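Below you'll find the structure, written out as structure tokens, and then a few comments.
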Amino acid sequence: MISFEPTEEQELVRSTARDLAAESLRPLARDADEESAIPADFLRSTWQLGFVSNQIPEAFGGGGAPRSPMTGALLLEELAAGDAALALAALSPALFATTLVDHGTAKQQERYLPQLCGADFQAASVAIVEPRPAFDAHVLRTTAESRGSAWVLNGVKSFVAYGGEASHFIVVATDPDGKPAAFVVPREAHGVSVAGPEPTLGLRALPFARLELKNVEVPQDDRVGGPAGFDYARLLNCARVGIAAALVGLSRAVMEYTIPYAKERVAFGEAIAQKQAIAFMLSDMAIETDAMRWLVWKAAAELEAGRDATRATHLMRSYVSAQAMKIADNGIQVLGGHGFIREHPVELWYRHARTLGVLEGTAAV
Amino acid sequence: MISFDLTENDKKVLDAIREESLIARKYARHFDENEEEFPPDQLPEAKDRPGFYSLLGGRDVDDTGMNVLGMLITAAQTWGDYSVRLRRNSGGLGNSALRAAGSPEQQQKWGHLTLAMAITEPGCGSDPSRVKTTATKDGDHYVLNGEKIFVTTGCRADGVVAWATVDANAGRAGIKSFLVEKGTPGFTVVRKEKKLGIRADDTAAYLFENCRVPRANLLGGDETVAKEGSGGFRGVMKTFNMTRPAVAAIGLGISQAALDFTREQLELAGIDVKYGASSASQSALAQKFLELEAMQEAAMLTVMRAAWLADRQESNNLESSIAKAKGGQAVRLVTQGCIEILGPLGVSREHLLEKWFRDVRITDIYEGTGQIQNLIIARTILGYSRNELR
């Protein structure tokens, strides 16, 4: 049955997140960006709302809610409407958690999930991106070689969200058969070095680390999913839907900010919103924010049903990235010179939009 | 629960319609090139097929709502050919107006007829408040005088809902609509228009010369002219709330056919469309195709959203305009892009793609142009009246 109706639980998550975005994320966003830092209080209080631990089974200390990529998409849209950097920061350990919930062996879940169910924010990251032009998530140069009872990893990973503070990473590498394989790597493992933070155009508040792996030995048991491996396409799709959901939230923020501005700003005797050239930019934002959201929901619904979401995710990803960029671009244009000044958030959203549109593996649904 | 899955019942209906649509597709070229002929009500191969409505029996509470399913049915029909929609027609746009604004007696009397709707005149299109056709009261009758153009199904309809002003000084409030049956003295079909696309569909021009209709033919029966605001005008405009997404669905069915054809041709040429692959490992043609496919999907989702709200009896004025604006733009870009991808083959009249390219062009024009939809959307999100945003 085709339906656009979220469940009652999802509506609850949405309204909680919407309030948090307005009361906490938005007011903190500018300073966090200027200082390239996220207040610890914010991380702690948001963590305690259980957004990350909620979908971890009760046996490991989590909330035991059914795994729901759709709920994740709804949550990310709402939080990112407050601020995308703070939203991704608060939810960055979720990609690590959901990867283990979806693909981890019983032993891995038992070992690593409880540490994400504590009272305090616990950074944990997934490392996919590698530092080179036109990075392709399907061509990973980080290698995993089997040596006796262990795997040996070599390579460099970049844009590892909260990598500087993470105690564990999930590193995706290419195995000897040329297939993607993921490994849980503790930060203190021999041969791991973490550098950073890597400065970025947008999402400045969210620290990204660079991770170097030199002959890092990982026990057989820590290969995600065991010897059979894991479904990398699903991990990527979950991550891409997460980023796209954040872009929908960001686009909505631009629209909701520019509407009252355009109604107040007067030029040539009337509000600029009364001129079709401006009004049509705003109507286009309304059209595309809706269209983007439904594409995200469609991809999330495929993931929710446990089906291969690659087609839906592909169509969603390029569309959402392009439209969000256009909306953020027009957000600045509506504000004119003021849009260029850091007193208004539209320049921040412009930088966020470009950054999010090309990221891989920062957050997930 | 949010879901985009069709139930078995939904699939049964849509599969049957698609099968039937392919029968219509066989005739698509013929009726495009021979526009003076009307497609028959029943194509020979479709004669013994069960009727459309019989397919809808035995539906469950878990099945997709009728408005949403209606959009998918519409798209599945035009996926075969635009003209397929003319078969087993349950009526024209005039029937929608009759259902929305007619009194029970009027519905009883005219509901079984196919009714066209005549709004546009040589001097007014997007702004129907400028209607110049007059309706002058004369005893128990109204006398209509004026010219109407672009009347969809106007040649074949049994009658028409014609918009006319009862008080030229009252502006929008003076506009009323009248039911006029074919054969009424003073009402003539002047010509059938020759068009870029949808040639199998008939589009008529009408002339009213001292055409007398009983007062009882005034749709809704309200003769008063409001002093302020738009009076009964708004009621008539309401007709368009579900027709806007439906028109988008009509276009999107055609652009889906164009996409399916293009994908087939790319496969024949050995060009793979790879989902999940990066830009670097995708051919430029495949990349362009994926861009069009995303646009198509996004537009269809906005149509379903508007219809879903209607299924829940929630207001969908904004969403209907979003669907119409998005759909109108998407179908143009998709069919233009498909031809760009296929090159010279795309413009060959041996294939239907060039026809689909012509057929969809009207989508962004009729039932309110894309620009009018943008105005409605902008006014809604800005909280502006018609006067604040012109």
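Of note:
- Total residues in the stretch A:250-262 satisfying the condition of being surrounded by fewer than 24 Cβ atoms within 10 Å (Cβ to Cβ) and either within 10 Å of another protein chain (Cβ to nearest Cβ) or among the β-branched types (Val, Ile, Thr) (or both): the figure is 5.
- Among the residues of this structure, B:Leu144 does not count as one that is hydrophobic (A, V, I, L, M, F, W, C), within 30 Å of B:Ser3 (Cα to Cα) and either in a loop (DSSP other than H, G, I, E, B) or at pLDDT 85 or above (or both).
- Unique match (being in a strand (DSSP E or B), closer than 20 Å to B:Gln107 by Cα, over 25 Å from the mean Cα position of the chain (by Cα) and assigned by TED's automatic domain parsing to the domain that holds B:Leu115) among B:Val180, B:Val161, B:Val213: B:Val213
- Scanning the stretch B:25-78 for residues that are within 14 Å of chain A (Cβ to nearest Cβ) and part of a loop (DSSP other than H, G, I, E, B) yields a total of 7.
- Filter result for A:Val358 (assigned to a loop (DSSP other than H, G, I, E, B) and touching a Cys at 6+ places or on another chain (Cβ under 6 Å)): no
- Failed criterion for B:Met304 (all others in (1) more than 8 Å from every other protein chain (Cβ to nearest Cβ); (2) within 28 Å of B:Arg379 (Cβ to Cβ) hold): (1)
- Within the stretch A:208-248, no residue satisfies the criterion of being at positive phi and hydroxyl-bearing (Ser, Thr, Tyr).
- When A:Gln333, A:Gln276 are checked against the criterion of being of a type in the set (S, T, N, Q) and within 11 Å of another protein chain (Cβ to nearest Cβ), a single residue qualifies: A:Gln276.
- Extreme residue, modelled with the lowest pLDDT, among residues of the stretch A:75-119 that are in a helix (DSSP H, G or I), among the polar types (S, T, N, Q) and surrounded by fewer than 24 Cβ atoms within 10 Å (Cβ to Cβ): A:Gln115
- Among the residues making up the stretch B:107-146, those that are over 22 Å from the mean Cα position of the chain (by Cα) and either crowded, with 17+ Cβ neighbours inside 10 Å or among the β-branched types (Val, Ile, Thr) (or both) are B:Thr133, B:Thr134, B:Ala135, B:Thr136, B:Tyr142, B:Val143, B:Leu144, B:Gly146.
- Residues being out of contact with any Lys or Arg (no Cβ under 7 Å at 6 or more places or on another chain) and either in contact (Cβ under 8 Å) with a residue 60 or more places away in the chain or assigned by TED's automatic domain parsing to the domain that holds B:Glu37 (or both) - total across the stretch B:132-156: 10
- Under the condition of being part of a strand (DSSP E or B), within 23 Å of B:Arg99 (Cβ to Cβ) and either out of contact with any helix residue (DSSP H, G or I) (no Cβ under 7 Å at 6 or more places or on another chain) or of a type in the set (Val, Ile, Thr) (or both), the residues counted in the stretch B:114-141 number 2.
- Hits in the stretch B:285-332 - residues which are hydroxyl-bearing (Ser, Thr, Tyr) and not in a helix (DSSP H, G or I): B:Ser315
- Scope the stretch A:1-55; condition away from every other protein chain (no Cβ under 14 Å), free of Cβ contacts under 8 Å to residues at least 24 places away in the same chain and outside any helix (DSSP H, G or I); matching residues: A:Pro39, A:Gly50, A:Asn54
- From the options A:Ser283, A:Ser251, residue that is free of Cβ contacts under 8 Å to residues at least 24 places away in the same chain and outside any strand (DSSP E or B): A:Ser283
- Selection status of A:Arg265, at pLDDT 95 or above, in contact with a strand residue (DSSP E or B) (Cβ under 8 Å, 6 or more places away or on another chain) and within 13 Å of chain B (Cβ to nearest Cβ): yes
- Matching residues, the stretch B:343-389, being polar (S, T, N, Q), within 22 Å of B:Leu252 (Cα to Cα) and either surrounded by fewer than 19 Cβ atoms within 10 Å (Cβ to Cβ) or within 13 Å of another protein chain (Cβ to nearest Cβ) (or both): B:Ser348, B:Thr369, B:Gln371, B:Gln373, B:Asn374
- Extreme residue, modelled with the highest pLDDT, among residues of the stretch B:110-132 that are farther than 28 Å from B:Ala200 by Cβ and either in contact with a Gly (Cβ under 9 Å, 6 or more places away or on another chain) or of a type in the set (A, V, I, L, M) (or both): B:Lys132
- Selection count, the stretch A:297-330, where residues are facing chain B (nearest Cβ under 9 Å) and either farther than 26 Å from B:Ile2 by Cα or among the hydroxyl-bearing types (Ser, Thr, Tyr) (or both): 4
- The number of residues in the stretch B:333-388 that are in a helix (DSSP H, G or I), under 17 Å from the mean Cα position of the chain (by Cα) and not aromatic (Phe, Trp, Tyr) comes to 11.
- Among the candidates B:Ile2, B:Ile17, B:Ile73, the residue that is buried (at least 17 other Cβ atoms within 10 Å of the Cβ) and closer than 25 Å to B:Glu354 by Cβ is uniquely B:Ile17.
- Residue count for the stretch A:212-247 satisfying the condition of being acidic (Asp, Glu) and either part of a helix (DSSP H, G or I) or surrounded by 20 or more Cβ atoms within 10 Å (Cβ to Cβ) (or both): 2.
- The condition of being touching a His at 6+ places or on another chain (Cβ under 7 Å), free of Cβ contacts under 8 Å to residues at least 24 places away in the same chain and of a type outside the set (Gly, Ala, Ser) holds for only one of B:Leu290, B:Leu309, that being B:Leu290.
Conditions (1) more than 18 Å from the chain's Cα centre (by Cα); (2) closer than 30 Å to A:Val171 by Cα; (3) β-branched (Val, Ile, Thr), marked per residue:
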| position | (1), (2), (3) |
| --- | --- |
| A:Pro260 | yes, no, no |
| A:Ala267 | yes, no, no |
| A:Trp297 | no, yes, no |
| A:Asp329 | yes, no, no |
| A:Val346 | yes, no, yes |
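- In the stretch B:76-109, the qualifying residues are those that are at pLDDT below 90 and of a type in the set (Lys, Arg), and the one that is nearest to B:Glu354 (Cα to Cα) is B:Arg85.
- Residue that is farthest from the chain's Cα centre (by Cα), among those in the stretch A:120-152 that are more than 30 Å from A:Thr200 (Cβ to Cβ) and in a loop (DSSP other than H, G, I, E, B): A:Gly148
- Of everything listed in (1) closer than 30 Å to B:Glu293 by Cα; (2) more than 9 Å from every other protein chain (Cβ to nearest Cβ), the single unmet condition for A:Trp294 is (2).
The values are calculated or read from the model by the stated rules, or taken from the named source; none is laboratory data. Bear in mind the structure is a predicted one, so any value in this text is a computation, not a measurement. Glycine also receives a Cβ, built like all others from the backbone with ideal geometry; neighbour counts cover every protein chain displayed.
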